[in-house]
């Protein structure tokens, strides 16, 4: 059941693959469609955010005042930087420059770790003050949105690590190989960044004025 | 097919008949043509002469524009009638009644402070507006004869209005699924003519009725308000503790402290059930009757409970 | 043999952009972040406009990322279809919800239930607000006596008693219908007066 | 170098569990989906028979109220999430899409089998809710999980919502796979206007799958968080709003009914020209009305909330938009009927199902009119009129088309022919039983009989009795139909490669087709409905 050396034709480990050039177009369109689902997935949360803010404006301004804007702003810049290095990584893969690709992936991963650290600081601060998802309508929305975004950052980090080791083996930059994997990973990571770009003003910059 | 008890209901029936006529016409038209084609162009042999028709642009335009027009007519007619069904007449006086839906019973609160359970008593020929709210899950207040329906939601007031033409008795249904006894959350609308209504408003009794004794009233309330649904009188264990020999019984709360059943314990549990839950029974199942039962009604219920003995 | 594609043959894989494009985008994004923080300090009129400003800046940043970082510029029309589709659907959902919720406020007679009617455990921030400074008559929501609070269970009983006592007389001329002229203080919306808050002492209603 | 002529081996020939478990062949995945959705169709159908059996007489006969609520909830949830949403796209769609557009397989074969595994996982999690004691853990909230009842209900809400959340991913993967396949893998020469109409309808349905499913995913996730962490977004007690849940739930759940009906329309558009021996009437009208329905379906969900305390503005805006959906549907029905004009119509069983579909679907579409009109919907909302309306669209529409499609492509899938006489008997039993079940429900609904009632007033008794008898006949019909098809797989006589003389690409391959469908990808020169031209040539 599990030796896949001589797997018969038309099964998981031995099936007709389209040539890399053609498959490249498949992966890109497929990823853009997946990103559309992610945008709508967070869309539901944004709908909940706007309605709850419409119903309870005081709770939202009260709650938002307890979030630290400097931490949120640095988080945003870190994510933008990791998005920048990811874009350079994809650019390196397109130029088949293995060295730069590997360093850029590592930098992106570091950026993601930075984001996690700051997120940990924020969350642990809140939880120690006894503010939990159930304590308040604003913090329900806050934990749901940042929590879901956090899960997507973790998924992104897993994929960047995967790309990092594959890039080391030269899988994206060898002769005749396709770098679609890096391009797709880049698209996903940029989306995670876009979601945070929208989350930051909505959650953090609410109570300032 | 069912009687219409308000003028707006008659107009809603006109819309329904108009749409039914439209449906019947198009249904017969389409399927007559379909059956005709099926019979007329039955396959006779393998080399039948077949027309190589791929489409017809003018026909396509025609059967796009005509449905558009018909559909807009239906929409407009529907909205015009709905406007009156939905918004009470602005200038005329409106008699407002507070409705509370809770798990499996309705309760009504009148401007003169009276409250009734599962029985909405209204004067004939006046604009009645129901301000509705639910105290637990979403219900829906539906009177088929008046063609009115509106959900009863815990997070906001909803309203509906009607003006019953003549005296009579109509059913109230709950049409939004709300749990086990959703199908038993029925009620009655009793439309009274002028003098009967006059009497009811003053004494709370129908003409010719005399006041029930506290015991009978307590028993009637115990059944009307759905207590029987969860508290049995014959000792069976339902959702809540049984009322058999309840008075003077001593047991322990979920929090462990002992208690004996007495008057103010029952009164307090009726108003705020979740304060003291008896051990072994689920919490926040019983809705609060605070504000739906007047103190005299609660004392009637207590006198009734005292009489449930298994001697 | 790889059959050739019916649409144009994608030359080499992906379009190469010069480095300064990426750097320029990144710097623009950082600057916009600073701008959005600064913009949030200024009050642009009402809460809605502040949101709009924040959303506009965020949309500019998002378009920068999509067109330049994600090579959106070089994508075919169908890919842009899948970029615009979720945005339009999300806008529809938010617009419909807004029309629904805003419309409810000025529908004749529909208004949100007072906090006192919300029976289960109350978040502290609502109750703190209702306890502390029951201010002004905005929304009338926060002006109610608080409902059974999360903290004390026992307190419930007497608290209601207070409102009941106060209920009868001081019931102002609030017309619950229009939801704007609630008098804020004290027990304008006591727990149990759901229906008749509007017309309690309004003489003319009903012809009985 | 041209492929040398490999010796023909049907795709089902390599036996063994390994070939089924690890397969990425779109044909086997289609069959595996078919077997699993038919099992759930049986389970949910038995729940439906239980519901109707209980309603023979007022009062409690077979099950108590809680049992009745569990029966109709499981009937709804299993039918929607496990049978009819994967339904035609995952079975006939998986099997036929690459064959119809001249491709060796879908764009992402491994994602295709992953979609099936995720579907199985979701199904197991949904069935997981049945593990606990029936009294407390069998779901009784209705398939719509309306809060706040689904929040404080003690029954198994989390397993079913988590299962539905997982099934959403299977749906997204299939939809995305189909869209990329149709965009990128069409055979040379097969332009958008030479594609079969079934592929157009699959494309529209996949668009909805991809764009609507995420919203139900987040709604169910928030519902689970509501129960686990007590966040207050949908719970009125915490300041949340149950109507927000209704809005977000129906934002998915109305487009999903178009995922169900569009492929059914595609199957009918495939069957009619073959048996009328005549090109389809108004190809572009049907193709673009599929897309139009997919587009408009995202703007009409408000008609489920006409009496849910929505503001008056949004009520009449949604009523107007809901009528916009009626137009492309009407165009399709007229074009189908136009196809039979001056054709040579033969009545094998697939054609019977196609014509039955048109008849039942006109009733379904037209009874939608009073539900879209505001004045009448206030009276008809949540009554048996609505139950009858959506059963006419789902059972009279999608299931009749699925069964018709299975009969039409059975020779291609298994290379064997079913018994024609038995198939006709099955159709007429289904037709009579179905109408006998749901026409009384239209009448009851108008008289004000609310839906989801375990017990009803005496005045509705005779209609309920008639409807229950009809339901038994309806159930019997499916045993005849599927018995005939299953018998054909083993004992049916060998079928020719193209028994009905269809010009579509999938019929040009031998029955059952080899693993890689075509030895070398065909170049398409003309559209697939050229029956008229064939006569002249």
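Read-outs: derived from the displayed coordinates by stated rules, not from any lab. Worth saying up front: this structure is predicted, and the values here are computed from it rather than measured. Positions of Cβ are generated from backbone atoms using ideal geometry, with glycine treated the same way; all protein chains shown enter the neighbour counts.
In the frame of its principal axes, the protein assembly as shown has Cα extents of 100, 76, 59 Å, reported largest first. Legend: mean number of C-beta atoms from other chains within 10 angstrom of residue C-beta atoms, peptide D:456-468, equals 1. Pairwise Cα separations in region B:95-203 fall into 5 Å bins from 0 onward with the following percentages, short to long: 2, 13, 24, 28, 18, 10, 5, 1. Taking every pair of distinct Cα atoms and averaging 1/r, then inverting, what Kirkwood hydrodynamic radius in Å comes out for region D:401-478? Taking every pair of different Cα atoms in region D:401-478, averaging 1/r and inverting gives 14.5 Å. Across chain B, the fraction of Cα-Cα pairs farther apart than 31 Å, rounded to a whole number, is 49%. Over the Cα atoms of chain D, the radius of gyration divided by the Kirkwood radius equals 0.96; this is the Rg/Rh ratio. For the pair residue C:55 and residue C:91, label points projected 7 Å from Cα toward Cβ lie 1.0 nm apart. For the pair region A:52-100 / region D:484-537, the C-alpha centres are spaced 54 Å from each other. Note on C:68-77: average number of Cβ atoms from other chains within 10 Å of each residue's Cβ is 5. Shielding value for D:344-356 is 2, the average number of Cβ atoms from other chains within 10 Å of each residue's Cβ.
For the protein assembly as shown, the antiparallel share of DSSP beta bridges with both residues in that region comes to about 70%.
Measuring r between the beta carbons of residue B:260 and residue D:154 and using R0 = 25 Å, the FRET efficiency lands at 0.25.
Kirkwood radius and radius of gyration were both taken over the C-alpha atoms of region D:111-154, and their ratio Rg/Rh is 1.12. Coordinate range of the alpha-carbon atoms in region A:23-204 per principal axis, descending: 60, 29, 20 Å. Spin-label pair residue B:40-residue D:447: with each label point 7 Å from Cα along the Cα-Cβ axis, the two points sit 4.0 nm from one another.
Take peptides B:41-53, A:64-76 and line them up by average Cβ neighbours within 10 Å, highest first, as a rough protection proxy. It would help to have the intermediate numbers written out before the result.
On the way: B:41-53: 13.0, A:64-76: 17.3.
Peptide ranking by packing, descending: A:64-76, B:41-53.
Can you run the Rg to Rh ratio on region D:485-537? Use alpha carbon positions and the Kirkwood inverse-distance Rh. That ratio is 1.06, to two decimals. With Cα atoms as the point set, the radius of gyration and Dmax of region A:98-209 evaluate to 17.4, 57 Å. Taking every alpha-carbon pair within region B:214-306, the share separated by more than 15 Å comes to 59 percent.
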